[in-house]
Amino acid sequence: MLRNIISNEWFTILIVLCLIIIAFTKLSFSRRFNDFVTVVGNSNYLKIYRRDQKFIDQFDGLLFLNLVISASIFVFLAFTTLIDPIEFDIFLFIKILVAIGAIILIKVLLERLIGSLFDIDDLMDSYIFQKTNYRNFTGLFLLPINILLIYSFEPTSVIIYVVMAFIVLIHLIGFLTTFKSYQNVIIENLFYFILYLCALEFGPYILLYKVFN
């Protein structure tokens, strides 16, 4: 079984690191953090803080670190549950972490480049801001899930798929929120929007899947 062959020592270190990151974020940005945790289902956070967004934002950066670590833990647990129950390997985990972090960062840079090329920087900045927050919320969601899967519940395929469904739901809410905010622009440029989805939204995840295989 998974729990018998995987040492929890590294997981404990990583989860404690995530908890420290979240605690420091909440302590340093108390009001913003409290507003952030309601971002799903409440667009007020996006409206309030979109005006103050920066290219390098400490709040988003801290939550991004938690996202990359939490997502990497869940990907490893999912892999060992659904595909191959391997022993924990810190070097393999680092590869997963770097791959996830690199794909997210490269996507953001490409989106900003597209914004500059087509002279739609303001629109693209707002779009990236919305996506970043829903993505970071996913990292926040995964942290307690990982704790439960490592220390309380034996990971099963059903649990993994249910968690995946919730992750898809979070991103779907984010996508619908973005579409609602910019539906007129999207409809006017529907072909380019579909091309963008295929190239920068679906493509990287297909590539990541192939890399893991």
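What follows is calculated from the coordinates using simple rules that are stated; it is not laboratory data. Just so it is clear, the structure is predicted and the values come from calculations on it, not from any experiment.
What the table below lists for this structure:
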| read-out | value |
| --- | --- |
| Under the Karplus curve 6.51 cos²θ - 1.76 cosθ + 1.60, θ = phi - 60°, whole-Hz ³J(HN,Hα) for the range 137-146, x wherever Gly or Pro sits | 5, 4, x, 5, 5, 6, 4, x, 4, 4 |
| In Hz, Karplus ³J(HN,Hα) per residue of the range 150-159 (6.51, -1.76, 1.60; θ = phi - 60°; x = Gly, Pro) | 8, 10, 10, 10, 6, x, 10, 4, 5, 4 |
| Hz values of 3J(HN,Hα) by residue in the range 81-97 - Karplus curve (6.51, -1.76, 1.60), Gly and Pro given as x | 8, 8, 10, 8, x, 7, 6, 5, 10, 4, 6, 5, 5, 4, 4, 4, 4 |
